[in-house]
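The block underneath contains the structure these notes are about, expressed in structure tokens.
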Amino acid sequence: MPLELDLRGVKCPLSWAHARVRIETLRRGDQIDLLVDEPQAARDIPKAAEATGHHLIAVAAEGSHWRITLEV
């Protein structure tokens with residue numbers, strides 16, 4: 001079961017900054033779900049994660065927010 005980080009209410013680019021701090025504590029191969037409610041974060045976080053070497057597993061709309069699943 002992936003770890004979950006709730007970033008709803010956090011504006012981009014701060015949402016990615018918060019996610020990076022948490023990701024740095026994880027081990028290679030761990031998964032994390034990021035919950036965001038800002039459309040810009042739903043677009044930008046997956047790009048930023050892949051650019052820094054993380055694997056994007058999924059981006060799924062869930063009502064009023066998105067779930068971004070990454071493998072570290």
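Miscellaneous remarks
- Residue that is surrounded by the most Cβ atoms within 10 Å (Cβ to Cβ) [pool: residues in the stretch 27-72 that are closer than 19 Å to Gly9 by Cβ and in contact (Cβ under 8 Å) with a residue 40 or more places away in the chain]: Ile32
- Scope the stretch 1-52; condition assigned to a loop (DSSP other than H, G, I, E, B), closer than 21 Å to Gly63 by Cα and among the β-branched types (Val, Ile, Thr); matching residues: Val10
- Within the stretch 38-54, the set of residues being of a type outside the set (S, T, N, Q) and over 11 Å from the mean Cα position of the chain (by Cα) comprises Glu38, Pro39, Ala51, Gly53.
- Taking the numbered list (1) in contact (Cβ under 8 Å) with a residue 60 or more places away in the chain; (2) open to solvent by 70 Å² or more (accessible area, probe 1.4 Å) in turn, Arg20 passes all entries but (1).
- Qualifying positions in the stretch 60-72 - outside any loop (DSSP other than H, G, I, E, B) and closer than 15 Å to Glu4 by Cβ: Ala60, Glu62, His65, Trp66, Arg67, Ile68, Thr69, Leu70, Glu71
The values are calculated or read from the model by the stated rules, or taken from the named source; none is laboratory data. Being a predicted model, the structure only gives us computed values, none of them experimental. Because the Cβ atoms are built from the backbone with ideal geometry, glycine has one as well, and the counts that use them run over all protein chains shown. Ligands, DNA and RNA are excluded from the accessible area calculation, which covers all protein heavy atoms including side chains. Shrake-Rupley method; radii C 1.70, N 1.55, O 1.52, S 1.80 Å.
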